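Worksheet: the structure to be examined is printed underneath.
Throughout, read-outs are computed from the coordinates displayed, never taken from laboratory work. Fair warning: this is a prediction, and the values are worked out from it, not measured in the lab. Note that we place each Cβ from the backbone using ideal geometry, even for glycine, and neighbour counts take in every protein chain shown.
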């Protein structure tokens, strides 16, 4: 597991890297690879830990948010460093990322919020983005003391609860690609609007996205979690309990006895990583008594193979088109 280092250790690592010069490393991108943009610099971005000024277009970007790299990729910026979420997947295993990475392998600088600051510093970034993250103040300060601009998570929302559009716009501004990002958001919202118009019945139906992380325990994702937020953007409604869930928690867990009170909805979407998950859930006697099960209004969608669950988990301008293409037809069949 990567460690969090003190400032002196990080400073030494950075100094060593600078002495090594521009001999290159895995994931190194030249300015030409990053593409052009339409932003005007300098720009100032407010976030949880203050205001960061970015004086010129970033050329070496490290993303510390779980999905931040996808928005950068959508804007043809390949981060030199990323954090891992789905294990070995930032390199383009997912179809919506593969073409964008084009064989480039970024350096893994941590898993979730366990960030190896020495690795971050060794990449000599001129911008660190930590939007969909839980980066701590001491981590932020370690990097800023090394004169590395850091755009931390929003101050207006708890960690991991900032709406996708707001996060995307922040990243677009930081990269100097505001207009390009706005066009992608507009196109995506138009696509959602068309689907809602094609399926007006969904606005009268309640939906829930769930997972079974452990036997006998069922998790329903809150309305501010990307997975349920995706269904809400399609027009579905959701139980008040999920809309009113504290923003600091993204799931509500229940045992079998809690299934009738929360899981009795019009459309129940299970995300599954274990190929046996469907069998296990359907074997629960309480689950078998639910109308949503009896009337076949539940569905089991994999995180991988195909990665529909991963696409709505990332819930970015890059992954959502894939999710729309593959999940909407499944929902329309029910």
- Note on the structure: Descending packing, highest mean Cβ count within 10 Å first, for 305-312, 182-189 is 305-312, 182-189
- Value of relative contact order over the stretch 41-177, rounded to a whole percent, pairs C-alpha under 8 Å and six or more apart: 30
- Note on the structure: For the chain the mean separation of alpha carbon contacts under 8 Å (6+ apart) over residue count, i.e. relative contact order in percent, is 16
- Could you state the orientation-averaged shadow area of the convex hull built on the Cα atoms of the stretch 42-165, in nm² to one decimal? 7.1
- Determine the percent antiparallel among the DSSP beta bridges restricted to the chain, to the nearest 5. 45
- Task: May I ask for the angle, rounded to the nearest 10°, between helix 320-333 and the longest principal axis of the chain, with both axes built from Cα atoms and the value confined to 0 to 90°?
- Result: 0
- Message: Could you work out the relative contact order of the stretch 204-334? I mean the mean sequence separation of Cα pairs under 8 Å and 6+ apart, divided by the number of residues, in percent.
- Response: 24
- Note on the structure: Applying the gyration tensor rule to the Cα atoms of the stretch 124-190 (axes a ≥ b ≥ c; rounded if a/c under 1.5, else prolate if a/b exceeds b/c, else oblate), the class is oblate
- Please figure out what share of the DSSP beta bridges in the stretch 55-184 is antiparallel and state it in percent, rounded to the nearest 5. 20
- Go ahead and estimate [θ] at 222 nm for the chain from helices alone: -39,500 (n - 2.57) per DSSP H run with n ≥ 4, summed, over the residue count, rounded to 500. -10500 deg cm²/dmol
